[in-house]
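*Asks:* If you scroll down you'll find the structure; I have some questions about it.
Where a number appears in this text, it was derived from the coordinates with a stated rule and is not lab data. Quantities reported herein were computed from a predicted structural model and do not represent experimental measurements. No Cβ is skipped: glycine too gets one built from the backbone with ideal geometry, and neighbour counts run over all protein chains shown.
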Amino acid sequence: MAIYSGGCHCGAIRLRFETELDPTQIEIRACQCSFCTRHGSRAAADPSGRLNISAKDGAKLQAYRFGLRTADYLLCRECGAYVAAIAGAGDDARAIVIVNALDDREQFSREPIPVRYDAETREQRLARRRSVWMPVELTGSV
């Protein structure tokens, strides 16, 4: 299993993305919602992989919810970097990693696929995330 590390700009939040896929095989999505376009988001997930998000100081981790309020978009309160999104809780939590927040982001070289999820119902959105997002462990609090 390959491990890709990363985090926010100031180092308050750290990421550890584990996957058996080569970075060139991983689909990169560019959500077209106003939040993601403003952040230049390029998101990735491997349903068979795993993401670990850790914050030494949980107060630096900001969760933001909008739209259907089905996920927490994680940002650093110190530097403002958008690093990941989490849907669900506990053992059912699933996540995407923001490729721009990875140290080796240039290895994830696939052209981002523009996606729009506006037509999804709440149930459809949650089902999609359960099937294509990856398991996540969060150390620190939101």
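*Asks:* Based solely on its DSSP helices, what 222 nm [θ] is calculated for the chain when runs of n ≥ 4 H residues each add -39,500 (n - 2.57) and the sum is averaged over all residues, nearest 500 deg cm²/dmol? It would help to have the intermediate numbers written out before the result.
*Replies:* Values: 2 runs with 17 residues, N = 142.
Helix-only estimate at 222 nm: -3500 deg cm²/dmol.
*Asks:* I need the shape label for the range 86-142. Rule: rounded when a/c is under 1.5, else prolate if a/b > b/c, else oblate, with a, b, c from the alpha carbon gyration tensor. Write out the running numbers ahead of the final one.
*Replies:* On the way: a/c = 2.47, a/b = 1.13, b/c = 2.18.
Since a/c reaches 1.5 but b/c is at least a/b, the shape of the range 86-142 is classed as oblate.
*Asks:* Can you give the FRET efficiency to the nearest 0.05 for R110 and R38, using r as the Cβ-Cβ distance and R₀ = 25 Å? Walk me through the numbers before you get to the answer.
*Replies:* Numbers: r = 22 Å, r/R0 = 0.88.
So the FRET efficiency works out to roughly 0.70.
*Asks:* If you check each cysteine of the chain for another cysteine whose beta-carbon is under 4.7 Å away, which ones come up empty?
*Replies:* Flagged as lacking a Cys partner: C33.
*Asks:* Something else now. Between the range 38-54 and the range 97-112, what's the alpha-carbon centroid distance in Å?
*Replies:* Their Cα centres are 9 Å away from one another.
*Asks:* Quick one: net charge around C36, please, counting Lys, Arg +1 and Asp, Glu -1 for every other residue with C-beta under 13 Å from its C-beta.
*Replies:* Values: positive: R29, R38, R42, R116; negative: D118.
Charge balance in the 13 Å sphere: +3.
*Asks:* Same structure again: Give me the net charge of A95's neighbourhood, meaning all other residues with Cβ under 11 Å from the Cβ of A95; Lys, Arg count +1, Asp, Glu -1. Don't jump to the answer; show the numbers that get you there.
*Replies:* Numbers: positive: R50, R94, R129; negative: D46, D72, E137.
Around A95, the charge tally is 0.
*Asks:* Here is a follow-up. Which of rounded, prolate, oblate describes the chain, given a ≥ b ≥ c as roots of the alpha-carbon gyration tensor eigenvalues and a/c under 1.5 marking rounded, otherwise prolate only if a/b is larger than b/c? Let's see the in-between values first.
*Replies:* Details: a/c = 1.28, a/b = 1.07, b/c = 1.20.
Since a/c stays below 1.5, the shape of the chain is classed as rounded.
*Asks:* Continuing with the same structure: Using a basic spin-label model with each label point 7 Å from the Cα along Cα→Cβ, how many nm lie between A30 and E137?
*Replies:* Modelled inter-label distance: 3.4 nm.
*Asks:* According to the square roots a ≥ b ≥ c of the eigenvalues of the Cα gyration tensor, what is the shape class of the range 1-80, taking rounded for a/c under 1.5, prolate for a/b larger than b/c otherwise, and oblate for the remainder?
*Replies:* Working: a/c = 1.88, a/b = 1.18, b/c = 1.60.
Because a/c hits 1.5 or more and a/b fails to exceed b/c, the range 1-80 counts as oblate.
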